[in-house]
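Scroll down for the structure; my scribbles are underneath it.
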Amino acid sequence: MKIKDQLNRKINIEKTPIRIISLVPSLTELLVDLGLEKQLVGITKFCIYPNYLLKEKTIVGGTKQIHLDKIKALKPDFILCNKEENTKEIVNQIENIAPTYISDFST
């Protein structure tokens with residue numbers, strides 16, 4: 001399936017994601033609210049809601065500095081980023097690991 005992220009980038013998703021990394025605290029909360037907590041394998045140290053996630057999920061760094069080795073080891077099939085939260089360098093590194101969706105909220 002081909003989708004576009006909020007920066008109008010084309011992303012090819014071959015199958016339903018079952019191993020998701022979220023580098024955006026608000027999107028981490030959304031995944032949990034949508035019942036996708038089991039698919040969430042990696043989060044940032046700032047993903048504090050719900051607070052038990054920090055104990056149950058692998059911390060892959062922050063929003064501006066990531067641990068690329070941890071991300072690779074988790075073998076994600078989908079990664080969530082945000083234009084304001086994450087740097088272009090981070091996106092360039094991780095989009096080689098898994099399809100990477102970039103959100104861009106303006107309101």
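None of the figures in this text is laboratory data; all of them are computed from the coordinates on show. It should be emphasised that the depicted structure is a prediction, and the values quoted were computed from it without experimental measurement. No Cβ is skipped: glycine too gets one built from the backbone with ideal geometry, and neighbour counts run over all protein chains shown.
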Item to check | Theoretical gain in end-to-end length, Gln6 to Lys88 [0.36 nm per residue, Cα-Cα removed] | outcome: 28.1 nm
Checklist entry - Roughly how big is the chain's charge dipole about its Cα centre, with Cβ charges of +1 (Lys, Arg) and -1 (Asp, Glu), in debye to the nearest 20? => result 280
Checklist entry - What relative contact order, as a whole-number percentage, does the stretch 23-103 give when Cα pairs under 8 Å and 6 or more residues apart are counted? => result 28
Checklist outcome for this item: Per residue convex hull volume, Cα only, the chain, in Å³ is 100
Checklist entry - Between Thr16 and Glu95, what is the FRET efficiency for a Förster distance of 25 Å, r being their Cβ-Cβ separation, to the nearest 0.05? => result 0.85
Checklist outcome for this item: Of all DSSP beta bridges with both partners in the chain, the antiparallel percent, nearest 5, is 25
Next on the checklist: Please list the three semi-axes, largest first and in whole Å, of the ellipsoid equivalent to the stretch 48-107, using sqrt of 5 times the eigenvalues of its alpha carbon gyration tensor.
Outcome noted: 18, 16, 10
Checklist outcome for this item: Sorting Ser106, Leu7, Ala73 by the position of each Cα along the dipole of the chain (Lys, Arg +1; Asp, Glu -1; all at Cβ), the one nearest the positive end of that ordering is Ala73
Checklist outcome for this item: Here the gain from full extension of Leu34 to Tyr52, 0.36 nm per residue of separation minus their alpha-carbon distance, amounts to 4.8 nm
